[in-house]
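Colleague: I am attaching a structure below and will ask some questions about it afterwards.
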Amino acid sequence: MTTLLYDGSFDGLFTAIFEVFEYRYKDVEIVSRERFHQENIFAEIHEVITQNEKTERVLNKLEKNIGKSGIHELLKVYLSEDSELEQLILSAVKQSIQHPTENILQNYADNDMLKISKICKSVSRERHRMTAFVRFEKMQDDVFFAKIDPDFNVLPLIRKHFKNRYQDQKWMIYDLRRNYGILYDLENCDFFYPDEKLDLNKYQQKFHDEETQYQTLWQRYFTKTNIVERKNLKLHIQHVPRRYWKYLTEKN
Amino acid sequence: MNFDRLKEKLEILADAAKYDVSCSSSGGSRKNKKGALGDSSASGICHTYTEDGRCVSLLKILLTNHCIYDCAYCVSRSSNDIKRAGFTVDEVVDLTINFYRRNYIEGLFLSSGIFKNADTTMERLVRVAKKLRLEENFNGYIHLKSIPGASDELMQEAALYADRLSINIEIPTESGLKLLAPEKNRQDMLNPMKYIQNGIAQYKDEKKIFRKVPKFAPAGQSTQMIVGATNENDLQIIKVADHFYKNFNLKRVYYSGYVPVLEDKRLPSLTTAVPMLRENRLYQSDWLMRFYGFKAEEILDPNMPFLDLEVDPKLSWALRHLHQFPINLQTADYQMILRIPGIGVKTAQKIVSARRFQVLTIEHLKKLGAAVNRAKYFIDFTAGNIHLRHLTDINLRKLLIGGSTSKFQNQFSQQLTLF
Ligand code: SF4
């Protein structure tokens, strides 16, 4: 058994996959350095150094077989932070190399491919929910600020959506759990990685004057648009699982 | 801006607009121009859900609940003793923009009671949309409720700024409409719809020749029918919907179970439960017509004018057409696979993909997400299927009702709403 240790990045993972083929390893596992605990003292360790050129070669080859959308699915598996993500992506690449003329990701009868499709579905669902449940709050400096805490790392998947939608206001979306965010300053729309967690204690004190008033209007609207005679909390919770309530102005 | 007064108006005019269900934000696509606010994409986003479980994607309000008409089923009717209010154009624009900037909504759904006359009302609605588009550079979704009897000129303008237009026909039968809304007539509703339909067709032709034709109601038209306020049957309702889909190219027909809000001897009494299960079955039938290739006549016929409340319409069709089953999963064409109870569009597509790689078994089917407890009685696998012995059983229906936990049975149970 050989353990390939990589830096946890998407590029690093694909460099590792390249090296699995390069060194013709048969029995391997790919593990990110951060998650690695040596259990099997007889395992051979192979340190991977991320090399974009190797990553590109794998991705180019893959794109011919499974298309851009296929690559996008593998990206979703990567962002899912699933404990099996490396093994699943490796399995997809191996199978795709074996069957270059088929889109192997569609072989739902294969356990690994089925798992990939399920993970993609969950990640997509959460991506969609984040486009819906992000709530911006207008701050004194005219930046519209939102905090999120999604189960999967979907920030990279929603950047484009918000970039297209809000072009004439400054905004920022911050992932509390992963401590990074996106900032749009009317010109650039980039990721930022603060050294320390942002301190959000009492950040409400920095609200723009009108902010709480629009929040109140929205809460009243939410209450009034409900039809009491049709109350159906079970359905409500199915659509808006409780773990998302913390994002929602109308639920606070 | 006087927030307290605005809040009061919002409460009144959101409350009065809430019974309208035709307000999804789907079907529009309006790209953001550089540096402006908003865009809408074809699929739309539900930003939250009310406690009754319905999606909120638009700010849905009335411009005013003052109304000169007296439709029996409507809370805003002139003879109803309620608080009245009206927004200014600027107030609606301000609310829309500020809600949109905070990502609460996809856009605006604006309807109105009829004050003075149809054109005055319509003109005011159009002014809101125009201001949003031209002054605020807003590219989010706008749905305007057209006022029956509005002039062609105003409809033309409305279609330039709105993504979707709708007129609710509300009562499925003409006789029902006469009884409950004597001042309205069907023709006043159909004329503006016809006008928009022609406009959309013309837009599509011109678009082929000139690239830069202004958009004209790009998300099309929709309508709504109230179910259970009069005594029409489901066959009539489905036929009306079918007629509108075919002859008016409507994007959606919505069904709204009547919520008894007014005491009136022409209407069901105030203690009548909202017919949620029936409404749900109508949506399921509508779905079958739009995505599963079913024709209206296949779903119901004059011998069976009401939808089966015990089983969904697709299962009901299967039970009446047992001779068409079992369906072979490995060889049947996609359209037939779609007709298997318990298999939805996505699963059917996955089946057609996966069977190229290998012979499918019931285990695969489970993993692909089919409701196997229903599907298993209707499918033939290459390796055979022991459940098929039930296909000829007269008790198959019982077996299915007992074995399935329909997600709607619990949620929409009429009994539950009594408590
Ligand atoms: S015209 Fe419209 S708002 Fe007025 S009473 Fe009839 S349904 Fe209600």
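Colleague: Select, from B:K145, B:K131, the only residue that is among the basic types (K, R), more than 25 Å from the chain's Cα centre (by Cα) and either buried (at least 18 other Cβ atoms within 10 Å of the Cβ) or within 27 Å of B:G44 (Cα to Cα) (or both).
Modeller: Just one listed residue meets the conditions, B:K131.
Colleague: OK, next. It is to be established whether one or more residues within the range B:255-267 are farther than 20 Å from B:L309 by Cα, part of a helix (DSSP H, G or I) and open to solvent by 10 Å² or more (accessible area, probe 1.4 Å).
Modeller: Checked against the condition, which is being farther than 20 Å from B:L309 by Cα, part of a helix (DSSP H, G or I) and open to solvent by 10 Å² or more (accessible area, probe 1.4 Å), the range B:255-267 yields no hits at all.
Colleague: What number of residues within the range B:48-81 are part of a loop (DSSP other than H, G, I, E, B) and either closer than 18 Å to B:L132 by Cβ or within 16 Å of the ligand (Cβ to nearest atom) (or both)?
Modeller: So the count comes out to 19.
Colleague: Also, I was wondering about something else. For the range A:82-89, state whether one or more residues are over 25 Å from A:K118 (Cβ atoms), touching a helix residue (DSSP H, G or I) at 6+ places or on another chain (Cβ under 8 Å) and not hydroxyl-bearing (S, T, Y).
Modeller: no
Colleague: Among the residues of the range B:111-141, count how many are away from the ligand (no atom under 13 Å from the Cβ) and part of a loop (DSSP other than H, G, I, E, B).
Modeller: 4
Colleague: While we're looking at this one, here's another question. Within the range B:154-168, is there a residue that is in a strand (DSSP E or B), within 16 Å of the ligand (Cβ to nearest atom) and surrounded by 17 or more Cβ atoms within 10 Å (Cβ to Cβ)?
Modeller: yes
Colleague: Take B:S57 and tell me if it is under 26 Å from B:M276 (Cα atoms) and either among the aliphatic types (A, V, I, L, M) or at the interface with chain A (Cβ under 9 Å from one of its Cβ atoms) (or both).
Modeller: In short, yes.
Colleague: For B:K18, which of the numbered conditions (1) open to solvent by 40 Å² or more (accessible area, probe 1.4 Å); (2) within 9 Å of another protein chain (Cβ to nearest Cβ); (3) modelled with pLDDT under 90 fails to hold?
Modeller: (1)
Colleague: Out of curiosity, is B:P302 in contact (Cβ under 8 Å) with a residue 12 or more places away in the chain and surrounded by fewer than 13 Cβ atoms within 10 Å (Cβ to Cβ)?
Modeller: Yes; evaluated as a whole, the condition is true for this residue.
Colleague: Here's something else I'd like to know. Report, by residue number, each residue of the range B:55-87 that is open to solvent by less than 40 Å² (accessible area, probe 1.4 Å) and hydrophobic (A, V, I, L, M, F, W, C).
Modeller: B:V56, B:L58, B:L59, B:I61, B:L62, B:L63, B:C67, B:C71, B:A72, B:V75, B:A85, B:F87
Colleague: Test B:V92 against the criterion of being open to solvent by less than 10 Å² (accessible area, probe 1.4 Å) and among the hydrophobic types (A, V, I, L, M, F, W, C), and give yes or no.
Modeller: Answer is yes for this residue.
Colleague: Then there's this: Among the candidates B:Q409, B:Q349, B:Q414, single out the residue that is modelled with pLDDT of 90 or more and open to solvent by 50 Å² or more (accessible area, probe 1.4 Å).
Modeller: It is B:Q349.
Colleague: Let me ask something else. Of all residues in the range A:196-223 being at pLDDT below 90 and either under 13 Å from B:K7 (Cα atoms) or in a loop (DSSP other than H, G, I, E, B) (or both), which is farthest from the chain's Cα centre (by Cα)?
Modeller: Selected residue: A:K202.
Quick grid of which residues meet (1) more than 27 Å from B:S41 (Cβ to Cβ); (2) open to solvent by less than 70 Å² (accessible area, probe 1.4 Å); (3) touching a residue at least 24 places away in the same chain (Cβ under 8 Å); (4) within 13 Å of chain B (Cβ to nearest Cβ):
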{"residue": "A:H161", "(1), (2), (3), (4)": "no, yes, yes, yes"}
{"residue": "A:Q167", "(1), (2), (3), (4)": "no, yes, no, yes"}
{"residue": "A:M172", "(1), (2), (3), (4)": "no, yes, yes, yes"}
{"residue": "A:Y184", "(1), (2), (3), (4)": "no, yes, no, yes"}
{"residue": "A:K206", "(1), (2), (3), (4)": "yes, no, yes, no"}
{"residue": "A:T225", "(1), (2), (3), (4)": "no, yes, no, yes"}
{"residue": "A:K231", "(1), (2), (3), (4)": "yes, no, no, yes"}
{"residue": "A:W245", "(1), (2), (3), (4)": "no, yes, no, yes"}
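Colleague: Checking the conditions here, which among B:L144, B:L95, B:L108 is away from the ligand (no atom under 15 Å from the Cβ), outside any loop (DSSP other than H, G, I, E, B) and either modelled with pLDDT under 95 or within 28 Å of B:E279 (Cα to Cα) (or both)?
Modeller: The match here is B:L108.
Colleague: Okay, next question. Would you point out the residue of the range B:359-379, among those that are over 14 Å from B:A348 (Cα atoms) and open to solvent by 50 Å² or more (accessible area, probe 1.4 Å), that is farthest from the chain's Cα centre (by Cα)?
Modeller: So, considering only residues that are over 14 Å from B:A348 (Cα atoms) and open to solvent by 50 Å² or more (accessible area, probe 1.4 Å), the one farthest from the chain's Cα centre (by Cα) is B:V359.
Colleague: Any residue in the range B:213-226 that is more than 16 Å from the ligand (Cβ to nearest atom) and either under 29 Å from B:N80 (Cα atoms) or within 14 Å of chain A (Cβ to nearest Cβ) (or both)?
Modeller: Among the residues of the range B:213-226, at least one is more than 16 Å from the ligand (Cβ to nearest atom) and either under 29 Å from B:N80 (Cα atoms) or within 14 Å of chain A (Cβ to nearest Cβ) (or both), which makes the answer yes.
Colleague: List every residue pair whose Cβ atoms sit under 6 Å apart, with the two residues 6 or more apart in sequence or on different chains, where the first one lies in the range B:77-97 and is within 14 Å of another protein chain (Cβ to nearest Cβ) and the second, anywhere, is within 16 Å of the ligand (Cβ to nearest atom) and open to solvent by 10 Å² or more (accessible area, probe 1.4 Å).
Modeller: Pairs found: B:K83/B:I12; B:A85/B:I12.
Colleague: Does A:Q98 qualify as being open to solvent by less than 70 Å² (accessible area, probe 1.4 Å) and either more than 29 Å from A:R177 (Cβ to Cβ) or outside the structural domain of A:D149 (by TED's automatic domain parsing) (or both)?
Modeller: Spelling it out, it is not the case that A:Q98 is open to solvent by less than 70 Å² (accessible area, probe 1.4 Å) and either more than 29 Å from A:R177 (Cβ to Cβ) or outside the structural domain of A:D149 (by TED's automatic domain parsing) (or both).
Colleague: Starting from residues that are under 15 Å from the mean Cα position of the chain (by Cα) and more than 7 Å from chain A (Cβ to nearest Cβ), keep the ones in the range B:39-54 and report whichever is surrounded by the fewest Cβ atoms within 10 Å (Cβ to Cβ).
Modeller: B:S43
Colleague: If you don't mind, there's one more thing I want to ask. Helices (runs of 4 or more DSSP H) wholly in the range B:288-387 with at least 2 residues that are in the same structural domain as B:K398 (by the TED database) - which ones?
Modeller: Correct list: B:313-320, B:334-337, B:345-354, B:362-367, B:372-375.
The values are calculated or read from the model by the stated rules, or taken from the named source; none is laboratory data. Remember, it's a predicted structure, so these values are computed and weren't measured experimentally. Every residue, glycine as well, gets a Cβ built from its backbone with ideal geometry; the counts of neighbours run over all protein chains shown. These accessible areas exclude ligands, DNA and RNA; they are computed on the full protein's heavy atoms, side chains included. Shrake-Rupley method; radii C 1.70, N 1.55, O 1.52, S 1.80 Å.
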